[in-house]
Amino acid sequence: MITSKKRLTAGVFAGLAAASLVAGCSTKAADSNSSGTGGSAGGVKTDVGVTDTEISLGALTDQTGLFKVLGAASTQGNQMWADDVNADGGICGRQIKINVSDTGYSAEKAVTLYNQSKSKDLGYVQLIGSPAMAALKKPLVNDKIAAVPLSWSSRNLDVPNVLMVGTTYDVEVINGLAYLQKQGKIKDGDKIGHIYLKTEFGENGVEGSKYYASKHKMTVVESGVSATATDMTSSITALKGAGVKAIVVTSGPTQLASALGVARAQGLNVPFFGSSPTYTPQLLDTPAGALLTSGNFVTAGVVVPFNSAVPKAKEIASKWEKENKDGVPTFGMNLGYAMGMAWGAVLKQACSDGDLTRQGILDAIRKTSVDTQGLTPNQDFTHPGSPATREVFIYKPKKTEGGLDANPEKFISQEAQEYKAPFQE
Amino acid sequence: MSDTEIANPPATPETTGTTPVTARRSTAARVAPLIGWAVLLLVLFLTPVYVPGEWLSVLCWIMAGGVAAMGLTMLIGQAGQFSLGQAFFLLLGGVTYTVLAADGDAEYIGFGLPPLVALIGTIIISGLAGAAFAPISGRLRGIYLGVASLSLVFLGYYLSHELPMLAGSASSGRYAPTFSVPGFDFGETNPQLLLLNVPMGAAERQFWLFAGLTVIAYLVGQGAMKGRVGRGWRAVRDNEAVATVMGVSVPGEKAKAFAISSAYGGLAGVMVVWWYSGLMKPDEAVELGTYSTYTTIALLAMCVIGGLGSLGGAIAGSALVFGLPLALPLLTGSNQTVDASGTAFTPIVITNLVFGILIVLIVLFEPRGLAGLGTRLRNLIRR
Amino acid sequence: MTTFVQVLINGLGVGAVFGLLALGFVIIFKATEVVNFAHGSLALFGGYLAYQVKDSIGWFGAVIVGVLSAAILALAIERLLISRAKHASHDSLAIMTIGIDTIILADVVRRLGTAAAPFLGDPYDTKSVSLGSLTVSRTYLVALATALVLFTLFFIAFRKTSWGLQMRAQSENKEAAALMGIRSSRVTASAWVVGGLLAGIAVFFLATNDIGGGSGLLSAHTVAFAAFPAAIIGGLTSTEGSVIGGLIVGLTSALGAQYVNYEFGVVAVYLVMLVVLVVRPSGLFGRVDQVRV
């Protein structure tokens, strides 16, 4: 009768466990009440993440995965913004607190960390990566939470919850091609190669190149690759065979470096335009470094480089260098700072509306435009579905602090202005 | 019918068929298991009242992995068929449910069936797909079968990218409806239902749904393993020639094992879609993501860690393999600093290290997995 | 036509690297019947240490350090872990190598941090060679040549030396080999060492811009996964088969990526493998197991 004895023991244990559970009180009931109703301290309505003295924002970043270079730098930028704001007395009489969580570029970790932080943070000053963005978009909408994504697909602009600082991948590529044409490197009727990741990022980039091509009788030769692809030989060979006159790359640095290397090896001397995520200054120390600075490659971005002469950027750079002796400087700090400034402007708007609730933030976003003191072009969030700006900086890689030429050309093309984004009203 | 210890842990002596059937069980022996189950169900019912939302989502993720691993552990531990293809059936289940349950539009194919019908249809279709693999699985053995089934994961990745009208675009995916039966919507975001003064929202309801499905999956699996089906599998696993002599259809048993395992995989795939708020999105790369080779190996790891052939072990394995990486970052919580060099021991780095070390230690010191460990502990208590 | 020849050369070059990994994989499997999921990590570990010393002792010194450290790691895995877990089944040991792989990968990635990715192909990386109308990356040619030399050396050793004899005897019948006085532990340890050496050499081709792209060493771990189907296609018990399997995988993915699309190149490898297995369930050259009744 061993079986029965065992079962009995098990049953008693389980029973005891259950009894202790029922006897104890659930903390959830109290919790959800306090967070649900909130209050109206100092004439300002609040709900989650805002007290009389503090506004808490979350940062779902990547410190361990594919995007840890960008993630770490942007988060530092976020923090610097919060420090500066707090030193000036905060916003709406409240200090800004940023709670950083590491998702490791994994969607499932992003979901659980989101579920944890949503009960204490008003919104997100950073949400990194398209898998996390895709997984969290519906929860963000359901919970009425706003987040600044570190991924720039215009396909995410359908809801006000996505507070996108910068321009979108499609507009960036349109500007990139227009820039190449202005430089006389391509002309109407040419064939354009496009190597892209089969992800949100890559496919949104292709929407841009197709639009530009349609305006200039060009044809786009597509070559989609997966996110962990490393060897672009087949793509380059195919594009060379098709006789392309320029190549657009919307991929990661891995694929860009390979594409440049293979193109050189095969004697395909055409100009390259890479979307902003293709380039990191770290690439300059790799075998592809010389190809990046040869003048055949340009990229674009939404913020000024690390070594820019813009006063705000100088301030950020000197502060960063003091605190990070052995880090690799990138434009990520400026980006993170600008993302913070966008949140700041929204918070100020919401404050003057007397409503710092989540719904209040969403309402404020559509009334906000922000001057980032030259870090980025001015950002205008008032047009649903349309990128906050259509202007980009054309970057040229250079072996210097931050890896970019300090004076990028600010550029906006006619085509980019006329382009109708997928959800533009 | 002989059973090796590893494949059939003594935790479930009923399944071995070696326990002599007692003519009359005492009343206590008959009632105790029922009480045990009743208490378990009560605990599961009350869990959402006490456990915060993020932990409910960790538990739900563990159960989704657990259901997939239960199917796989029956296939490997009971029927002796090595498989590295379970992540493919997760994908297949997710896509099938989405296509059946979601409404069609210009971009996506969808039939708009009621969720319950779609769920049952998904389980059946996944099972049939597993059976369709039989001509290949019947010919192969051991690691060759394992790697052959791994090719399903690659094929699934490729097809999910080639057929976005079914699987959703790789960029932002497509949405399937959450589960609901007439009168009760499991995706309710604005709940009127209060239990002990706690509102039962989507997270709480999802836990009930997942717990219910996991319990059903466990009972069905237990039933299959105890009965004729399980005896047939073990006969095939132990010696195919002998099994044939005894009148067991070897190809038939293998196909049956694959079908049942795949049906579990399909169900788990639906649970994964629900867990992601209904989002069905193909991975960005075959090595990385929800339906990737990483997941397929993780599912295998669950079975071995749990103890091959043990259903309870599969769930315990999932708690370690799927649960730990989500739980540790929650426990360490957020902080206010960030390390610029990127070489810090972040919670995720620590999780990966702990996870790897635990696997090594378990194989080193308890080859029968957590199920074996459980048996040892019980013996210790009883003594 | 030039495209076709170019694709062939690229495919053979990458295939040779897969062959190096697959051969090590098969040697380990033959000696211990363990499927080594940590094979990519052996390469990664060797590559990481080589990168650490490259600037101070030069490239050739780094090659020696990298190859030796991969071999030492393999030996340590076998001696300290695999051989200690005597009661674990082969499947469990395979899972243990997953655990080892997770640990090494997590820590190497952490150590690399946000600094530039390591590259190890200094003498040949991103340098092309013109052969008539063809331009071929030097990495592929060096890889092909190196692999050919190593394969030849290995097969001579495997056939002619007593080590090779012991290896073959043990994989035929472990008990009989033990009775004949072959020390099983020495044979298995040496098999892991050889597997580690080969992985340590392969990483000097994987961690290049030509094969690994802009993330260099970090790609090595992912790319090394392709050695798995290579070993299966050739037959897990066949050393010759692993070399041919590697070349088949390299050619299939190059041709598939070129003439259909990139992603088809990845899946085509597995389709070829499925076809091979349906026709020959133990791979092209694998031993067909006799079933005892």
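The values are calculated or read from the model by the stated rules, or taken from the named source; none is laboratory data. Keep in mind the model is a prediction, meaning the values are calculated, not measured. Positions of Cβ are generated from backbone atoms using ideal geometry, with glycine treated the same way; all protein chains shown enter the neighbour counts. Side chains are part of the model used for accessible areas, which takes the heavy atoms of the whole protein and leaves out ligands, DNA and RNA. Shrake-Rupley method; radii C 1.70, N 1.55, O 1.52, S 1.80 Å.
Things to note:
- Per residue of A:324-331, other chain Cβ atoms within 10 Å of the residue Cβ number 3 on average.
- Label zone at residue B:165 (point 7 Å along Cα-to-Cβ), backbone N below 11 Å, region B:77-108: B:105-108
- Residue C:57 versus residue C:85: modelled label distance in nm, points set 7 Å from Cα along the beta carbon direction: 3.1 nm
- Farthest towards the positive end of the charge dipole of the protein assembly as shown, among the residues C:155, C:285, C:180, is the Cα of C:180, using unit charges on the Cβ of Lys, Arg, Asp and Glu.
- The peptide list A:204-215, C:234-245, put in order of mean Cβ contacts within 10 Å with the highest first, becomes C:234-245, A:204-215.
- With 30 Å² as the minimum drop in accessible area between chain alone and full protein complex (1.4 Å probe), the qualifying residues in region C:240-271 are C:258, C:261, C:262, C:263, C:266, C:267, C:270.
- As a rough guide to protection, the peptides C:199-205, B:26-32, A:309-315 ranked by mean Cβ packing within 10 Å, highest first, stand as C:199-205, A:309-315, B:26-32.
- Of A:410/C:54; A:217/A:240; A:319/A:367, pairs whose Cα-Cα distance is over 29 Å: A:410/C:54; A:319/A:367
- Global geometry of the protein assembly as shown, whether rounded, prolate or oblate, following the gyration tensor of its Cα atoms and the 1.5 cut on a/c: oblate
- Residues in region A:134-175 occluded by at least 50 Å² - accessible area, probe radius 1.4 Å, against chain by itself: A:134, A:138
- Projecting the Cα atoms of B:83, C:214, A:123 onto the dipole axis of the protein assembly as shown, where Lys and Arg carry +1 and Asp and Glu carry -1 at the beta carbon, places B:83 farthest toward the positive end.
- Interface B:C - total buried accessible surface [probe 1.4 Å, Å², rounded to 100]: 4100 Å²
- Sulfur and carbon atoms: percent of accessible area, the protein assembly as shown [1.4 Å]: 62 percent
- Chain A - accessible surface per residue (Å², probe 1.4 Å): 34 Å²
- Nearest 10 degrees, 0 to 90: helix A:200-215 Cα axis against chain A principal axis: 40 degrees
- Listing of region A:187-220 residues, each with accessible area lower by at least 20 Å² in the full protein assembly than in the chain alone (probe 1.4 Å): A:198, A:199, A:200, A:203
- Span-like helix check, chain B: qualifying full DSSP H segments, with Cα axial length of 30 Å or more and mean Kyte-Doolittle of 1.0 or more, are B:27-50, B:142-162.
- Against chain C, whose longest principal axis comes from its Cα atoms, helix C:184-206 is set at around 10 degrees.
- Here the spin labels are modelled as points 7 Å beyond Cα on the Cα-Cβ line, and at residue A:423 and residue A:367 they lie 2.2 nm apart.
- In this structure region C:2-279 gives 35 Å² per residue of accessible area when probed at 1.4 Å with all protein chains present.
- Of A:185/A:325; A:144/A:325; A:137/A:210, pairs whose Cα-Cα distance is over 29 Å: A:185/A:325; A:144/A:325
- Interface A-C: total buried accessible area of about 2300 Å², 1.4 Å probe, protein heavy atoms only.
- Area buried, chain B against chain A - accessible surface, total, 1.4 angstrom probe, square angstrom: 5200 Å²
- Cα long-axis angle, helix A:253-265 against chain A (0 to 90 degrees, to the nearest 10): 20 degrees
- Taken about its Cα centre, region B:38-291 carries a charge dipole of roughly 1080 debye when the Cβ of each Lys and Arg holds +1 and the Cβ of each Asp and Glu holds -1.
- Each of residue A:217 and residue A:141 was given a label point 7 Å from its Cα along the Cα-to-Cβ line. The distance between the two points is 4.2 nm.
- Among the chymotrypsin sites (Phe, Trp or Tyr not before Pro) in region B:287-377, those located in a DSSP loop and surrounded by at most 15 other Cβ atoms within 10 Å of their own Cβ are B:345.
- Whether chain B is rounded, prolate or oblate, judged on the alpha carbon gyration tensor where a/c under 1.5 counts as rounded: rounded
- A Förster distance of 22 Å, applied to the separation of the beta-carbon atoms of residue B:358 and residue C:75, puts the FRET efficiency at 0.40.
- Cβ-defined net charge surrounding residue A:104, 13 Å radius [Lys, Arg +1; Asp, Glu -1]: 0
- Per-residue packing, averaged as other Cβ atoms within 10 Å, sorts the ranges C:22-30, B:145-153 into the order C:22-30, B:145-153, beginning with the highest.
- Each Lys and Arg Cβ is given +1 and each Asp and Glu Cβ -1; about its Cα centre, region C:180-293 then shows a dipole of about 500 debye.
- Counting, for every residue in C:103-109, the Cβ atoms of other protein chains within 10 Å of its Cβ and taking the mean gives 5.
- Under 24 Å from residue B:256, Cα to Cα: lysines that are on another chain or at least 8 residues apart: B:226
- Directionally averaged shadow of chain A, computed from the convex hull of its alpha-carbon atoms, nm²: 26.1 nm²
- Mean per-residue shielding of peptide A:238-245 is 1, counting Cβ atoms of other chains within 10 Å of each Cβ.
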